[in-house]
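To start, the structure under review is shown below, and the notes come after it.
What follows is calculated from the coordinates using simple rules that are stated; it is not laboratory data. Remember, it's a predicted structure, so these values are computed and weren't measured experimentally. Glycine gets a Cβ as well: all are built from the backbone with ideal geometry, and neighbour counts include every protein chain shown.
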Amino acid sequence: MNILKRLITPAVNELLEELNIDKNILDDLIEKPRDLTVCDLCIPCFALAKILKKNPVEIAKDISSSLKNKLIPEIFVITKNGYVNFNLDTKFIAKKLLDENYEFFQNSIKNDVLIEHTSANPNGPFHVGRARNAILGDALVRLNREFGNKVIAEYYVDDMGKQVGILAWALENLTEKDVDEILENEGIESLNPTWINKEDHIRVRWYQAANIIRKDDKKIELELSELIKKSEEGDESVLSKFNDSFKPILNGMLETLSKLGIKYDSFTTESKFIINGRVNSIMEELKKSKLYGKAENGANYLELAGKGVSGKSTKFFFQRGDGSSLYATRDLAYHEWKWTRASKLINILGEDHRLQSKQVSIALEELKIKKPEVLFYSFIKLPEGKMSTRRGNVVFMDDLIAEAENMAMKIINQRGHNIEDKRSLEISKAVASSAIRFNILKVSPEKGFTFKWEDAMSFDADSAPFIMYSHARSCSINKKVNELKFEEINIDYSKVEINKSAANLLRTLMRFEDSLEKSITENKPNHFCTFMLELATKYNSFYRDCIIIENQNVNVFHYKVSEYSRKLIYRGCNALGIIPLVSM
RNA sequence: GGGCGCAUAGUGUAGUGGAUAUCACGCUGGCCUUCUAAGCCGGCAACCGGGGUUCGAAUCCCCGUGUGCCCGCCA
């Protein structure tokens with residue numbers, strides 16, 4: 001509870017001074033209790049016991065009695081088991097939120113943030129594994145915006161090098177018949193008729209086919225390396241050919257992401273840094289590093305053995321023997337450029353990039369360029385094993401979305417509400433997209449998980465529809481009250497009675513601030529997911545216990561609490577990419 | 001061979017030094033003539049093993065086990 005902490009901190013600091021205790025010894029004395037039903041904040045006195053050589057139970061008593069006259073009367077202080085517990089008066093919270101327009105994050109420092117996410121090679125449709133990146137990244141974008149940061153959501157487009165090269169070669173050299181034959185021989189399924197007009201699904205087959213035949217055809221390999229080399233030298237005609245090859249795929253991928261509400265503010269292509277010359281000058285700068293080394297064929301690297309890198313190879317190559325650059329080198333130039341656009345950088349990367357990212361960070365240090373923050377996530381596996389676009393062992397996002405929409409529609413029909421077709425379609429789309437996002441977001445990013453259809457399709461408690469449902473309920477109340485031509489009156493908080501459910505809800509509403517801030521500080525959207533589930537649960541209990549409309553009369557206080565909740569759930573949904581429906 | 005993640009009820013998860021370990025599915029007992037039951041209120045059930053640091057460890061350190069990822073002049 002940030003607001004309470006701000007109210008307590010000066011008094012606690014004053015007290016520490018009186019006791020002659022260095023504030024810095026105790027990293028942070030005021031803590032959030034593990035169990036929020038005990039109190040809002042607490043001070044465990046065990047660490048102090050050692051310094052003061054006194055029983056923690058007594059210290060707690062001393063602290064509480066000397067704090068009491070330093071704090072406003074709305075803060076209740078009690079002691080228990082060697083803890084000093086603080087509780088903020090519920091009426092105080094109610095007044096702050098409902099009448100005084102208390103603004104969240106007003107005392108927090110804001111940033112300009114550039115979040116680079118997804119950046120998947122444009123060689124095929126999104127599968128569930130790749131989508132974890134986009135969903136996490138987009139959630140961080142939204143959470144940062146809700147916090148008040150200015151955010152650029154950026155996609156780094158791989159428009160050169162091997163992967164696009166293979167694609168471009170295939171589109172130029174293989175016919176549809178060739179592709180179908182090659183893939184059939186490998187046992188890769190034919191194109192799903194649903195996506196017969198979607199270019200990412202079509203063109204990926206050329207990419208897959210080329211990957212199969214190039215393995216035992218030296219001529220193809222030769223043509224490919226010629227093509228790739230030219231792209232890496234910035235050859236305009238080759239780059240433009242590459243662009244024509246992947247652009248329709250990228251558009252298909254973006255279409256898929258837009259179904260999940262994911263959008264970008266800018267796209268940066270990798271070739272930019274070859275063309276503008278920064279890659280070359282960076283390679284020259286790296287040669288001045290103390291870590292610099294040269295291989296027999298003239299390739300250049302940094303030796304990272306002394307920098308905490310170990311394994312079969314500790315070398316970080318930044319230039320090939322033929323003088324061309326590598327992906328990671330271009331990444332260095334890219335980071336340099338990103339820093340000109342924001343004061344904080346966040347990259348969303350798969351766990352396979354952990355080493356690479358470390359190497360890039362060390363190289364950036366050598367170049368005296370700041371390091372980005374990185375959110376790593378683990379892969380989503382299939383029960384059959386790893387997902388791979390190349391091998392066709394994937395669950396496509398397009399299929400998952402379609403299935404989820406069907407499932408949602410089925411549930412809507414089962415419930416038998418009279419919702420007209422157009423509206424149920426809208427609801428099913430919103431439910432599907434929100435549920436898919438939430439099911440990925442709620443799990444801690446570093447935890448790998450196995451994709452199971454039944455889990456991905458879960459619309460029960462612990463899912464986005466659960467939160468959406470609470471929002472819809474609050475909207476329904478709002479609608480009913482408005483129909484009553486209700487007039488707002490001022491509330492005398494000294495007289496209002498707040499029951500347990502309403503009090504719990506109000507405390508939870510206040511913690512929106514803490515939870516969201518923690519989530520963006522640690523780059524972990526799952527924290528805020530947990531909070532939103534709790535908020536919805538608390539709203540549901542409130543909804544049951546606190547009647548708002550009774551015999552055409554509106555309980556003004558309860559209505560205000562409901563309205564505040566409605567708006568806050570809406571904001572929270574937006575911050576996670578859940579679509580807050582008015583009815584469902 | 002080396003490095004880096006991860007390990008919590010039957011299952012999936014939250015929790016990065018503090019009070020009785022979270023939530024959900026599951027199993028189970030209640031609640032719809034009353035503001036949307038996609039809901040609410042109860043019950044059952046867990047910190048991988050072994051050492052260590054600490055007043056205090058699921059959390060930090062070491063050893064082991066299991067599991068994922070990486071160690072390319074690919075991206």
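Using only Cα atoms and rounding to the nearest 10 degrees, what angle (0 to 90) does helix A:556-576 make with the longest principal axis of chain A?
On a 0 to 90 degree scale, this one is about 20.
Rg(Cα) of chain A divided by 2.2 N^0.38 Å? All intermediate terms of the calculation are to be shown ahead of the outcome.
Working: Rg = 28.6 Å, N = 584, 2.2 N^0.38 = 24.8 Å.
Dividing the Cα Rg of chain A by 2.2 N^0.38 Å gives 1.16.
Taking a cut-off of 18 Å between Cα atoms, list the aspartates and glutamates near residue A:485, but don't count ones fewer than 8 places away on the same chain.
Of all the aspartates and glutamates, those that pass the test against residue A:485 - Cα under 18 Å, at least 8 places apart if same chain - are A:550, A:563.
Roughly how many whole Å is it from the C-alpha centroid of the stretch A:255-277 to that of the stretch A:66-105?
The stretch A:255-277 and the stretch A:66-105 have Cα centres spaced 47 Å from each other.
Taking every DSSP beta bridge with both residues inside chain A, roughly what % is antiparallel (nearest 5)?
Around 55 percent antiparallel, to the nearest 5.
Could you work out the relative contact order of the stretch A:2-88, using alpha carbon pairs under 8 angstrom and six or more residues apart, expressed as a whole percent? Working shown, then result.
Values: 110 pairs, mean separation 25.0, N = 87.
Relative contact order comes out at 29 percent.
Taking only C-alpha pairs under 8 Å that are 6+ residues apart, what is the relative contact order of chain A in percent?
Answer for chain A is 15 percent.
Among A:252, A:478, A:279, whose Cα projects farthest towards the positive end of the dipole of chain A, with charges put on the beta-carbon of Lys, Arg (+1) and Asp, Glu (-1)?
Toward the positive end, the furthest listed residue is A:478.
Would you kindly state how much longer the chain becomes between residue A:476 and residue A:53 on full extension, computed as 0.36 nm times their sequence separation minus their alpha carbon distance, in nm to one decimal?
Values: separation 423, 0.36 × 423 = 152.28 nm, distance 5.86 nm.
So the chain would gain 146.4 nm between residue A:476 and residue A:53.
Need the list of lysines near residue A:241 for cross-linking: C-alpha distance under 16 angstrom, and skip anything on the same chain fewer than eight residues off.
A:162, A:229, A:230, A:272
Pairing the Cα long axis of helix A:2-18 with the longest principal axis of chain A, what angle in degrees results, from 0 to 90 and rounded to the nearest 10?
The two axes meet at around 70 degrees.
Regarding the stretch A:448-575, what whole-number volume in Å³ per residue does the convex hull of its Cα atoms give?
125
Just how large is the dipole of chain A about the Cα centre, in debye to the nearest 20, putting +1 at every Lys and Arg Cβ and -1 at every Asp and Glu Cβ?
With only Lys, Arg, Asp and Glu charged at Cβ, the dipole is about 1380 debye.
Would you please report the Å³ per residue occupied by the convex hull of the alpha carbon atoms in the stretch A:1-112?
123
Cβ neighbours within 10 Å, averaged per peptide: list A:150-160, A:175-185 in order, most packed at the top.
Listed from highest to lowest mean packing, they are A:150-160, A:175-185.
Show which aspartates and glutamates lie in cross-link reach of residue A:80 when reach means a straight Cα distance below 19 angstrom and same-chain residues fewer than eight apart are skipped.
A:31, A:35, A:40, A:58, A:62, A:89
Roughly what angle does helix A:56-68 make with the longest principal axis of chain A, taking Cα atoms, 0 to 90 degrees, to the nearest 10?
Value to nearest ten degrees: 70.
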